[in-house]
1. How would you rank 30-38, 63-71, highest first, on the average number of other Cβ atoms within 10 Å across their residues?
2. Using the 10 angstrom Cβ neighbour count as an exposure proxy, how do 15, 50 rank, fewest first?
3. Could you list 13, 25 so that the one with the fewest beta carbons within 10 Å of its beta carbon is first and the one with the most is last?
């Protein structure tokens, strides 16, 4: 359930309340000596945090794909063979 911030318009008391999005807004201050009207504050909300595996497309790759990618990366890291020397073209007279 979301947490909403409220502030009393009379005494300035600030508090949080866990409410469903469908619940009506609170109207009365929870302090016993104050019966002022409270107003819901605009909050920033919480940030979205991705932890663990399963959030990237590469987390779901098959084992055969991973093996092929590993083989491809190891072959590309090997030194390239030197090309054979180019022959000089024969001069035609």
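1. Numbers: 30-38: 12.3, 63-71: 10.1.
Those peptides, ordered most packed to least, come out 30-38, 63-71.
2. Final ranking by Cβ density, sparse to dense: 50, 15.
3. Working: 13 15, 25 11.
Listed from fewest to most nearby Cβ atoms, that is 25, 13.
Values quoted throughout were computed directly from the atomic coordinates according to the rules given, and no laboratory measurement underlies them. Every value quoted in this text rests on a predicted model; they were computed, and no experiment measured them. Backbone-built Cβ (ideal geometry, glycine too); neighbour counts: all protein chains shown.
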